[in-house]
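Encoded as structure tokens, the structure appears first; notes follow it.
The values are calculated or read from the model by the stated rules, or taken from the named source; none is laboratory data. Being a predicted model, the structure only gives us computed values, none of them experimental. Don't worry about glycine lacking a Cβ; one is built from the backbone with ideal geometry, like all the others, and counts go over all protein chains shown. Heads up: the accessible areas ignore ligands, DNA and RNA and are worked out on the full protein's heavy atoms, side chains in. Shrake-Rupley method; radii C 1.70, N 1.55, O 1.52, S 1.80 Å.
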Amino acid sequence: MSGRGEPGERGERGALRRVLPEGRRFLRGRGRVLVALSGWSLLESVQTFLGGYGVARALDDGFLAGRTGAGLAWLAVAAAAVLLGWPAVRGVFAALAGLVEPLRDGLVRRAVDQALGAALADPARADPTAAVSRLTHQTEIARDSFAGLVLTARSFVFTTAGALLGMAALDPRLLAVVLPPLLAGLVLFAATFPPMAA
């Protein structure tokens, strides 16, 4: 008995099987860039944690407790965290370039190889317009999409970690309210990822 969605599912799995090995090879060859990106992202999540924690402590231990000096000191911690953020953002984008630009270069090489191979195999059917489109428009779309995916995934992982750590530091009971819907969202995302990747 076969379901109606089986051909589409096979296509999704086939697309993933084609892309995943190349993706793993690409990422394995850029371990240092990934470590740098993770390090800068970790610094950014520390900034998120310190900013939120500083404001919360400024209110709870400072102004609401009638201790203005303590409140101002915690606000200074939050302000210092904001200042800590700009080198982190700069480092993230520098590391991102080290990941995204080689991908674009590889796509350009592949498009040139395919265009030259097709032109040599059958010069009469060679389409220079399509080759130029692949070289410019399509590679830039792939590059920008990859950069957007990396930035979104990185931001989600590290910002979520910083926010959860901040909640745990302020009141661990908050995690019981926040974690179940967060985990449910992650499960739904994991379920929809194969069709999106295909």
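Where Rh denotes the Kirkwood radius from the mean inverse Cα pair distance, what is Rg over Rh for segment 40-133?
1.53
Leaving out ligands and nucleic acids, note down the accessible area per residue over the chain with a 1.4 angstrom probe, in whole Å². Walk me through the intermediate numbers first.
Values: 12990 Å² over 198 residues.
Value for the chain: 66 Å² per residue.
Quick one: Debye curve from the alpha-carbon atoms of segment 12-87 only, equal weights, vacuum; give me log10 I(q)/I(0) at q = 0.19, 0.22, 0.27 Å⁻¹ to two decimals.
Those come out to -0.78, -0.89, -1.05, one per q.
If R0 is 45 Å, what FRET efficiency do you get for Leu59 and Arg109 from their C-beta distance, rounded to 0.05?
0.20
Relative to the first principal axis of the alpha-carbon coordinates of the chain, what is the inclination of helix 31-57, with its axis defined by its Cα atoms, in degrees from 0 to 90 and to the nearest 10?
The answer is roughly 30 degrees.
Under 19 Å from a point 7 Å along the Cα-to-Cβ line of Phe93: which residues of segment 37-58 have their amide N that close?
Backbone N within reach: 37-45, 47-48.
Provide the solvent-accessible area of Asp144, counting protein heavy atoms only and rolling a 1.4 Å probe, rounded to the nearest 10 Å².
90
With all protein chains present, how much of the accessible area of the chain (probe radius 1.4 Å) comes from carbon and sulfur, to the nearest whole percent? Don't jump to the answer; show the numbers that get you there.
On the way: 8870 of 12990 Å².
Heavy-atom surface of the chain belonging to carbon and sulfur, 1.4 Å probe: 68 percent.
Sequence gap at least 6, Cα distance under 8 Å: using those rules, report the relative contact order of the chain to the nearest whole percent.
Across the chain, relative contact order equals 29 percent.
Please grab the % of Cα pairs in the chain that end up more than 32 Å from each other. The partial results should precede the final answer.
Working: 7846 of 19503 pairs.
In whole percent, the share of Cα-Cα pairs in the chain beyond 32 Å is 40.
Put one equal scatterer on each alpha carbon of segment 101-169, apply the Debye formula with no solvent term, and list log10 I(q)/I(0) at q = 0.13 1/Å to two decimals.
-0.53
Measure nothing fancy, just the Cα-based angle from helix 139-170's long axis to the longest principal axis of the chain, in degrees from 0 to 90, nearest 10.
Once rounded, the angle reads 20 degrees.
Would you calculate a helix-derived [θ] at 222 nm for the chain, using -39,500 (n - 2.57) for each DSSP H run of n ≥ 4 and dividing by the full residue count, to the nearest 500?
It comes out at -30000 deg cm²/dmol, rounded to the nearest 500.
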